[in-house]
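Derivation of every value follows stated rules applied to the coordinates shown; laboratory data play no part. The shown structure was predicted, so the numbers you read here are calculated from the model rather than taken from an experiment. Counting neighbours? That spans all protein chains shown, and the Cβs are built from the backbone with ideal geometry, glycine included.
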Amino acid sequence: MPRFAANLSLLYPELDFPDRFEAAARDGFEGVECLFPYAWDAGELAARLQGNGLQQVLFNAPPGRRERAEIERAWQAGDKGLACVPGREAEFKAGVALALSYAAVLQCPRVHVLAGVVPAGLTREAVQPLYVENLRWAARAAAKEGLRLMIEPINTRDIPGYFLNRQDHAHELLEEIGEPNVQVQMDLYHCQVVEGDVATKIRRYLPTGRVGHFQVAGVPQRHEPDCGELNAGYLFGVIDEVAAQCGWDGWVGAEYRPARGSEAGGTSAGLGWLRAARAQAAR
Ligand SMILES: O=C(O)C(=O)[C@@H](O)CO
Ligand SMILES: [Mg+2]
């Protein structure tokens, strides 16, 4: 069974963010990820991790220039990253520096750097050199701290105009960036929405050593992984099989909006997919 991390920005919406750590540990998660930890003091979050025996496995660099407390709200309102946005290089670098400082305190080995939306009037091809240059700069800064950066293809239904949508583009970009500590965050939800053939893509890309993290949700509504058109149990089996062959030991982030979160039992009641994965592994 892969190691699963609870995405605390999406799971347990019935609880205050700091209380979600304990809930995740109680449900048997060993790792957690989140979108943006910046509204909280890094030391306070590190204490929550330690107190609950959890590892922070991933979070995002800020998607735009804001006060720390505003970052999450700004993401909802439209900040989607700066890596491909001309004229905002200084803000991009300041955001990466803030993320690296949180990663050090949280002892988190991975930081996702959002690509951003291609500005009106420009093409993806026109902004790609800037994206590559920004990622190269960020990768070198992260390498000094022993950290890895993730780049994530995201579907354009969720973020219209987003620069990076496809797995093959992400892997081409890694070649161009040319820094070994940059990897792909392969979100199976986005992969299914954009291009499908998910199991084949896991088999193609995981052995390259260029996939640093997986995430999963049901498709099309981004609810529990066992709701909708993806067969999560089958895909976890594929990850397990290929990981064993190539020595991959990363995490799968549970990044979904619980459909059952508003029912009695909250997020925990919707973890049947996790219990099924455990039962399958025990057989
Ligand atoms: O939307 C997603 O998928 C994510 O992983 C967010 O963290 C934005 O990158
Ligand atoms: Mg994702």
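Out of the residues in the stretch 177-215 that are part of a helix (DSSP H, G or I) and more than 16 Å from ligand 2 (Cβ to nearest atom), state the one that is surrounded by the most Cβ atoms within 10 Å (Cβ to Cβ). Here the answer is Leu206. Scanning the stretch 66-89 for residues that are over 30 Å from Asp27 (Cα atoms) and surrounded by fewer than 17 Cβ atoms within 10 Å (Cβ to Cβ) returns Glu67, Ala77, Gly78, Pro86, Gly87, Glu89. None of Phe92, Phe36, Phe59, Phe17 is aromatic (Phe, Trp, Tyr), buried (at least 17 other Cβ atoms within 10 Å of the Cβ) and farther than 30 Å from Leu173 by Cβ except Phe17.
Quick check on my filter: what residues within the stretch 47-56 are surrounded by fewer than 24 Cβ atoms within 10 Å (Cβ to Cβ) and within 19 Å of the chain's Cα centre (by Cα)? So that I can check it myself, show each step before the final result.
Filtering the stretch 47-56 down to residues surrounded by fewer than 24 Cβ atoms within 10 Å (Cβ to Cβ) leaves 47-55.
Across the stretch 47-56, the qualifying residues are Leu49, Leu54, Gln55.
Applying the criterion of being in contact with a helix residue (DSSP H, G or I) (Cβ under 6 Å, 6 or more places away or on another chain) and within 21 Å of Ala277 (Cα to Cα) to the residues of the stretch 22-45, the residue that is farthest from ligand 1 (Cβ to nearest atom) is Asp27. Strands (runs of 3 or more DSSP E) fully within the stretch 1-110 that include at least 1 residues being of a type in the set (Val, Ile, Thr): 31-33, 55-60. Whether any residue in the stretch 143-152 is of a type in the set (Lys, Arg) and over 17 Å from the mean Cα position of the chain (by Cα) is what I want to check. Yes: one or more hits.
For the stretch 236-251, a residue qualifies if it is within 17 Å of Ala276 (Cα to Cα), surrounded by fewer than 21 Cβ atoms within 10 Å (Cβ to Cβ) and not acidic (Asp, Glu), and the qualifying residues are Gly237, Val238.
Does at least one position in the stretch 153-164 carry a residue that is within 17 Å of the chain's Cα centre (by Cα), in contact (Cβ under 8 Å) with a residue 24 or more places away in the chain and away from ligand 2 (no atom under 16 Å from the Cβ)?
Taking the stretch 153-164 and keeping what is within 17 Å of the chain's Cα centre (by Cα), we get 153-156, 158-159, 162-164.
Within this subset, residues satisfying the condition of being in contact (Cβ under 8 Å) with a residue 24 or more places away in the chain are 153-156, 158-159, 162-164.
Then keep just the ones that are away from ligand 2 (no atom under 16 Å from the Cβ); that gives none.
Within the stretch 153-164, not a single residue is within 17 Å of the chain's Cα centre (by Cα), in contact (Cβ under 8 Å) with a residue 24 or more places away in the chain and away from ligand 2 (no atom under 16 Å from the Cβ).
Taking the stretch 179-206 on its own, how many of its residues are over 20 Å from Ala61 (Cα atoms) and not acidic (Asp, Glu)? Qualifying residue count for the region: 16.
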